[in-house]
1. Charges at C-beta only: +1 for Lys and Arg, -1 for Asp and Glu. How large is the resulting dipole of the range 20-177 about its Cα centre, in Debye rounded to 20?
2. Run the helix sum for the chain: -39,500 (n - 2.57) per DSSP H stretch of 4+ residues, divided by residue count, reported at 222 nm to the nearest 500 deg cm²/dmol.
3. Quick one: with all protein chains in place, what share of the accessible area of the range 147-227 is carbon or sulfur, to the nearest percent (1.4 Å probe)?
4. For MET247, what accessible surface area do you get with a 1.4 Å probe? Give it in Å², rounded to 10.
5. For the chain, rounded, prolate or oblate, judged on the Cα gyration tensor with a ≥ b ≥ c (square roots of eigenvalues), a/c < 1.5 rounded, else prolate if a/b > b/c?
6. Please list, in order along the range 219-228, the HN-Hα scalar couplings obtained from phi with the Karplus expression 6.51 cos²θ - 1.76 cosθ + 1.60 (θ = phi - 60°), rounded to whole Hz, x for Gly and Pro.
7. List the aspartates and glutamates whose alpha-carbon lies under 13 Å from that of LYS5, not counting same-chain residues fewer than 8 positions away?
8. Under a 5 Å amide H to amide H cut-off, with H placed in plane at 1.01 Å, what residues pair with ASP32 once short-range neighbours are removed?
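The values are calculated or read from the model by the stated rules, or taken from the named source; none is laboratory data. Here the structure is a predicted model, which is why all the values come from computation and not from measurement. Positions of Cβ are backbone-derived with ideal geometry, glycine not excepted, and every protein chain shown enters the neighbour counts. Surface areas here come from the heavy atoms of the whole protein model, side chains and all, with no ligands, DNA or RNA. Shrake-Rupley method; radii C 1.70, N 1.55, O 1.52, S 1.80 Å.
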Amino acid sequence: MTYTKHYSVLKKECISHLTENVLTDESVYFADLTFGGGGHSFEFLYQNPLFQVRSTDQDPDALKNGQARIQSEKMEKRIKLFNTNFVRFPEMVKNLCPEVFENGGFQGILLDLGVSSHHFDEAGRGFSFRFEGPLDMRMNYTSDDFHTAEEIVNEYKEEKLVKIFTEYGEEKYAKKIAAKIVEERKVKRIKTTKELENIIFHCYPKDQRYGKTNPSTRVFQALRLEVNRELEVLSDTITQLIPLLKMGGRLAIISFHSLEDRIVKNLFKTASESHDIPVQILTKKPIVPTEEEIFNNSRSRSAKLRILERVEIKKDKNKYKRDFKQE
Ligand SMILES: C[S@@+](CC[C@H](N)C(=O)[O-])C[C@H]1O[C@@H](n2cnc3c(N)ncnc32)[C@H](O)[C@@H]1O
């Protein structure tokens, strides 16, 4: 399976903010927990021969493509790519990468959340209503730990479907769509993206079926978040990453959904107020893509980047160390 090229969002901003504190002539370690097409990981490697990267992805296609790229660019000595959900990274990295902690920890950790272009462009993965495909949507399609979208659509109770479509998709016709799904699945199991798209389409009033946004957009997004338990995994991971940072090290998270951004914002705030490990939030407001980036890649339009730094002693509790300006 060819891996669709992924345009890395906010690449320049992430790399410059995560690398600007580096003052060393020894190896410096970065973690890219959402390797995808490797855009961010490789950019770290291109910056400086002392930079080392430890990456994860849970998607078999991303891993296969990534290993091939690492070999073809002869980077085996500088990057390790692990097959895992990033929620397990904090516990595994100490055993598998002791060299990072002999060096004080990570200088930078990056999460570029969600799915990659490959997921949307590969019909067989079931993420997109643009193509006929099985209703799967698991990033890790080899794992039985996750329900597929087909299982959710056909087996969840009607009220639970309403809740998911409303909370994760902000879908205004959530009730109508859930009721229609339940009616249809009594006749025949709903198995494909186009079958689901057709149901949603007919739940929309006629004058709203051909607007700028396809009627299926919100429900498909909601199902994807539920299938991969994206919000739960994110909430469980953020706080665990902070102890992996070296002094002056930074954690950067790019989110694409308001619910994700709220989790990042709140957990960063809680961490900055806690007495455990001092951290300072560097982005009072999130960094967003420039108009030029949005023009070149419309999928970047909802991106928000937030960054925090591990510090020796926190400055004034209510003052951000400094606000990053858009370049
Ligand atoms: C937006 S893409 C990252 C793109 C990458 N930064 C680049 O420049 O090519 C997100 C990637 O993270 C992976 N991913 C999302 N959630 C994950 C999780 N909980 N654990 C591991 N990988 C995850 C997805 O499979 C996908 O490949």
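1. 60 debye
2. On the way: 14 runs with 136 residues, N = 327.
Rounded to the nearest 500, it is -12000 deg cm²/dmol.
3. Details: 2210 of 4470 Å².
Result for the range 147-227: 50 percent of the exposed heavy-atom area is carbon or sulfur.
4. 90 Å²
5. Values: a/c = 2.03, a/b = 1.67, b/c = 1.21.
Here the chain falls in the prolate category.
6. Karplus-based 3J(HN,Hα) across the range 219-228 equals 5, 5, 5, 4, 5, 4, 5, 6, 4, 8 Hz.
7. Once the sequence-local aspartates and glutamates are set aside, what remains near LYS5 is ASP61, ASP121, GLU122.
8. Under 5 Å from the amide H of ASP32: ARG54, SER55, THR56, LEU110.
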